[in-house]
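Structure, as structure tokens:
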Amino acid sequence: MARIGVESYWLDAGWFEGGWPTGVGSWVPKASAFPRGLKPIGDSARKKGMGFVLWFEPERVNPASRIAKEHPECVLRTGAGDGLFNLGDPAARQWLTDFVSRCVSDWGITVFRQDFNIAPLRFWQAADAPDRQGIAENRYIEGLYTMWDELRRRHPKLTIDNCSSGG
């Protein structure tokens, strides 16, 4: 691929436990597909002079995922179905920032592709009292940008590619 001008190896949705979309929130490589994890992919891309793009959807949390089970306090819910990772909570945001940063370092990610396939408004509205609508949304967006700023501070050459439901 590098010989024909491909700049980066891109690994899209479904690389994690549970697959896409039911595994969102389980950011651990599928052992059946990646028995040695994702580091060999990042290493191989780098050796060929290429970058490594890895797709994440860190804001959406499926009820069966690791985050939902191991860190339910980090998830905003409005009933059954997917939840929203609460980037407006400084402790939750710090946990996710540290987790993604380790993935970048350990796996050799050069482009962090962040997708977002969930409508967040209902979660934000449910998190606020009627006379405080908009507070959760504001804190959430501040948390998102704080996470990106911190990822760029820790990994100055990291590119953040943001998309939403495919664009």
Under the Karplus curve 6.51 cos²θ - 1.76 cosθ + 1.60, θ = phi - 60°, whole-Hz ³J(HN,Hα) for the stretch 13-18, x wherever Gly or Pro sits: 3, x, 6, 9, 3, x
Among 133-146, 31-44, the order from most to least packed when residues are scored by Cβ within 10 Å on average: 133-146, 31-44
Per residue, in Å², the accessible surface of the stretch 40-108 once ligands and nucleic acids are set aside, probe 1.4 Å: 42 Å²
Calculated diffusion of the stretch 1-40, Stokes-Einstein form, Kirkwood radius summed over Cα pairs, 4 °C and 1.567 mPa s, µm²/s: 114 µm²/s
Accessible area of LEU151 in the full protein assembly, 1.4 Å probe (Å², nearest 10): 0 Å²
Rounded Å value of the spacing that divides the Cα centres of the stretch 65-98 and the stretch 128-152: 14 Å
Residues of the stretch 109-164: accessible area per residue with a 1.4 Å probe, Å²: 57 Å²
Within the accessible area of the chain (1.4 Å probe), percent carbon and sulfur: 52 percent
Partner lysines for LYS47 [C-alpha distance under 19 Å; skip if fewer than 8 residues away on the same chain]: LYS39, LYS157
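The values are calculated or read from the model by the stated rules, or taken from the named source; none is laboratory data. Just so we're clear, the structure is a prediction, and the values are computed from it rather than from any experiment. All Cβ positions, glycine included, derive from the backbone under ideal geometry; neighbour counts span all protein chains shown. The accessibility values were calculated without ligands, DNA or RNA, using every heavy atom of the protein model including side chains. Shrake-Rupley method; radii C 1.70, N 1.55, O 1.52, S 1.80 Å.
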